[in-house]
Amino acid sequence: MAKETARHVRLGIFVMAGIVLLILGLYLIGNNKNLWGETFRVYVVFRNASGLQNGNNVRFSGINAGTVTNIEMINDSSIRVEMILDMSIKPYLRKNAVARIGTDGLMGNKLVNIEPSSVLSEVIEDGDTLTAGGSTDTAQILKKLDETAGNVNSISSDIKTITENIRRSKGSLYSVLLDTTIASRLNVSIDNISEMTENFRNFSTALADMMAETKSGKGLLGSVTNDTSMLYRQLRNAVTLMEKSGKDLSEVTNGLNESVKKLNQGHGSAGVLLNDSVSAMELKNTISNLDSSVYNFNENMKALQESWLLRSYFRRQKKSN
Amino acid sequence: MAEKMKIKEHVESDEIISVSHLKIAFGSNRVLTDFNLGLRKGENVVVLGKSGCGKSVLIKCMVRLLAYDSGSLKVFGKEVQGLSQKELDSMRLRMGFLFQSSALYDSMTVRENLEFPLRRHHISSNKNEVNERVKETLENVGLYHAIDLMPSELSGGMRKRIGLARSLILKPEIMLYDEPTTGLDPITAREISNLMLRLQRTYNTSSIIISHDMHCARLTADRLAVINDGICYAEGTFNTLQASNDPFVKAFFN
Amino acid sequence: MAIDSDPNSPGAWSRVFGGMRKFFAEAGDISAFAIRFFREILFPPYEFREVIRQSYEIGYKSFSLVGITAFIIGLVLTLQSRPTLVEFGAEAWLPAMVGISIIREIGPVITALICAGKIGSGIGAELGSMRVTEQIDAMEVSGTNPFKYIVVSRMVATTVMVPVLVILGDTIALYGSFIAVKLKGAVSLKLFLSQVFESIDYGDVIPSIVKSVFFGFAIGLTGCFKGYYTKKGTAGVGRSANSAVVIGSLLIFIIDLIAVQITQFFGIF
């Protein structure tokens with residue numbers, strides 16, 4: 001009898017262990033989906049759900065804050081996404097926060113990122129609708145632009161040094177002239193750079209205009225990025241950098257132009273043979289670098305102009321021209 | 001002829017088992033074709049027959065482990081095949097069955113084996129009473145010391161005795177033995193035969209014993225029946241059959 | 001008709017038909033057995049004591065085997081998956097990937113196959129020997145419905161115990177996986193678990209548990225069916241145990257296949 005009781009006890013422990021583990025597992029899953037804790041509900045309307053699904057995570061400033069619970073089409077261009085968020089973040093989530101669809105991890109699980117605004121506003125309430133931010137694609141382009149501008153910046157300073165060198169020891173230019181390929185390439189590069197600088201300047205002014213509009217809260221960008229301080233900051237940085245490198249570039253181009261003109265006119269020390277081949281090599285490399293980076297830069301510009309955020313602005317510019 | 005029938009009916013009235021015109025077939029294999037047998041109260045009948053002639057089938061039909069095709073098989077005056085499950089259980093409660101292989105439950109101790117029919121038939125829930133009854137029955141078969149052993153620890157003869165004890169614990173009115181001495185050495189076989197006889201008197205049972213062990217038959221039988229070709233080929237006391245000139249019957253006594 | 005003119009084909013065809021007939025007869029018998037189970041389980045008497053005893057024998061006593069296997073599977077699966085994921089720079093996905101495979105598929109199927117081997121053959125052999133040594137008959141004579149006492153109790157026990165074993169097996173396999181992840185780099189159990197549970201969903205756990213219930217039922221069914229109808233003496237016992245395992249394992253895979261279809265159909269996925 002005692003033996004049987006012991007068996008019953010062991011069986012009971014065994015089965016209870018199974019049940020407890022199952023419940024614990026279900027609880028842990030639920031915990032990750034925020035099904036048990038206190039929650040509240042917010043909405044956001046996107047133009048494109050980008051493959052978002054029920055159950056995808058919602059992050060607030062990068063921390064897991066909830067899940068997507070429902071996605072529905074409310075009219076032909078709007079998709080309303082319902083999210084359940086953890087009560088603990090409620091005091092920090094303001095009405096002007098911006099929600100954006102992003103990608104998580106390597107395998108591309110979609111998620112909703114909520115970024116707080118730099119401007120304080122009222123704390124959110126249950127059932128409120130958040131502003132939808134642009135897709136992160138634009139942010140990526142801006143980031144690329146930033147990088148390119150940086151590249152151009154460093155290249156132009158390189159060229160500057162070389163031109164200085166050329167100016168100082170005029171003799172080396174002979175070798176440059178002798179090497180006709182370099183000469184013609186230099187010409188082409190200079191043309192490219194000029195074109196680019198033109199583009200660049202246009203674009204910078206365009207951006208600057210837009211910034212002005214944005215600040216006053218008007219215009220297309222204004223409506224989208226009004227409170228998106230991060231996007232705004234990025235844009236401003238990009239523009240400043242571009243303006244600076246644009247100025248540098250035009251300086252460089254002018255310098256180069258002048259030198260080439262002088263050379264063409266036969267000024268300078270025409271009889272001096274070049275001993276300093278190193279500087280010629282450097283020049284060669286720099287020119288090819290410059291070529292490729294200018295090409296890339298122009299491509300980026302085109303992409304940026306095509307991006308939905310700015311497309312209509314440029315369209316408007318075209319019309320007014 | 002009519003007179004004979006009348007006598008037979010009269011005889012049937014005090015038979016606790018009566019088998020008439022019983023027919024059993026498994027597919028095309030006809031085991032019993034027209035079998036008649038009666039068991040009176042207090043009587044021991046030994047059924048002889050070749051292996052596979054349907055001896056075991058016959059007694060399995062008596063407790064409704066197997067179904068028969070036609071004819072009549074009455075136990076305690078009731079047709080076995082017409083009983084409800086409840087009636088069947090109460091009939092089985094009054095009958096004991098010793099299986100050829102003893103059929104002890106391997107997963108239970110000797111005590112649990114003996115308690116099993118008591119518990120299943122809801123005879124007694126009083127623990128002391130159950131214990132007392134198990135003890136008494138085991139002492140009757142002389143194996144009280146084996147009460148806590150598992151069947152696998154028992155020898156063939158011991159298993160037979162425990163099987164016997166398990167059948168007897170319900171104090172049945174009829175005992176059915178399926179080859180009780182088969183597979184045992186002659187000495188153990190004799191012991192079992194003697195034990196059967198002794199218990200017969202202690203418990204006052206009537207029994208049908210399936211066997212082809214003539215020693216056992218001689219010891220236990222009041223009457224013998226020989227099955228051949230699906231019918232009751234010969235019937236009589238040990239001495240009458242021994243004296244028979246029929247070659248088939250004679251063969252058993254050599 | 002052209003077939004009939006071929007002298008070899010009638011034999012071949014009758015063999016094929018004979019085999020098919022046997023197969024369908026067997027399938028029909030098993031179905032009838034399952035139906036009888038449901039009929040018997042509905043009406044009293046209920047053999048609670050026996051169910052508990054069998055649960056102990058079937059569930060508790062299989063735990064160590066299931067546990068050890070699950071641990072090794074979790075460990076090995078993780079160690080084997082790791083190089084591929086590292087190649088993709090997705091090492092962080094290891095717990096999630098292993099967790100999903102264990103909970104959805106490997107846990108239930110491996111546990112069920114082990115149970116088919118251990119429990120299915122055990123039941124097949126036990127019932128087989130009970131049949132040939134007339135213990136089943138003896139039970140019936142003792143006023144017990146052997147189907148209820150032997151078959152129903154065992155089938156209920158397997159149906160309830162296999163899911164419990166699966167849950168415990170899954171847990172142990174996850175622990176094995178955790179050990180494997182930890183061998184290669186520092187990770188806390190908490191982080192590991194949160195990565196696992198972030199990737200799995202109710203849609204992974206619940207179908208897998210429901211599936212295990214059916215696995216358990218199939219194991220009990222084949223074991224009991226083969227054992228209960230054992231014929232031809234001691235050799236038949238071996239045959240029963242053997243075919244209980246074979247048919248049980250086959251049924252597990254068939255159920256698994258159906259389960260995948262159903263979960264996908266309902267989109268629980």
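Things worth noting here:
- Karplus-derived 3J(HN,Hα) values for segment A:46-59, using 6.51 cos²θ - 1.76 cosθ + 1.60 with θ = phi - 60°, are 10, 7, 9, 7, 6, x, 5, 10, 4, x, 5, 6, 10, 10 Hz; glycine and proline are entered as x.
- Given B:LYS41/B:LYS74; C:LYS22/C:LYS211; B:LYS127/B:LYS171, the pairs whose alpha carbons are separated by over 20 Å: C:LYS22/C:LYS211
- Here's how it looks for B:SER206: its modeled amide H is under 5 Å from those of B:GLY42, B:ILE174, B:MET175, which are all 5 or more places away or on a different chain.
- Shielding of C:52-61 by partner chains, average beta-carbon count, 10 Å: 4
- With Cα atoms, 0 to 90° folded angle of helix C:48-58 axis to chain C main axis: 60 degrees
- Kyte-Doolittle mean at least -0.5, axial Cα span of 15 Å or more - DSSP H helices of chain B: B:156-168, B:186-203
- Calculated translational diffusion coefficient of segment A:39-132 (37 °C, 0.692 mPa s; Stokes-Einstein with Kirkwood radius over alpha-carbon pairs) equals 251 µm²/s.
- Percentage relative contact order, chain C, counting C-alpha pairs under 8 Å, at least six apart: 30 percent
- The Cα atoms of segment C:46-266 give a gyration tensor whose axes a ≥ b ≥ c have a/c of 1.5 or more with a/b greater than b/c, which makes the shape prolate.
- Rounded to the nearest whole Hz, the Karplus-based 3J(HN,Hα) values (6.51 cos²θ - 1.76 cosθ + 1.60, θ = phi - 60°) of segment C:194-207 follow the sequence 5, 5, 5, 6, 6, 8, 9, 9, 4, x, 8, 6, 5, x, with x at glycine and proline.
- Take the Cα of A:THR5, step 7 Å toward its Cβ, do the same at B:SER72, and the gap between the two points is 5.6 nm.
- Cα gyration tensor shape of segment C:1-133, rounded if a/c is under 1.5, else prolate or oblate by comparing a/b with b/c: oblate
- Label-point separation in nm, B:LYS41 to B:HIS145, each point 7 Å along Cα→Cβ: 4.0 nm
- Kirkwood-Stokes translational diffusion coefficient of segment B:2-252, alpha-carbon pairs, 4 °C, 1.567 mPa s, µm²/s: 69 µm²/s
- Relative contact order for segment B:32-139, counting Cα pairs under 8 Å that sit 6 or more residues apart, in percent: 12 percent
- Per-pair calculated FRET efficiency, R0 = 35 Å: C:ILE72 and A:LYS110 via Cβ, rounded to 0.05: 0.45
- Residue separation of C:GLN80 and C:ASN242 scaled by 0.36 nm, minus their Cα-Cα distance, works out to 55.1 nm of gained length.
All of the numbers you see were taken from the coordinates with simple rules; none came from a lab. This structure is a prediction, so every number in the text was calculated from the model and none was measured. Quick reminder, even Gly has a Cβ in these numbers, built from the backbone with ideal geometry, and neighbours come from all protein chains shown.
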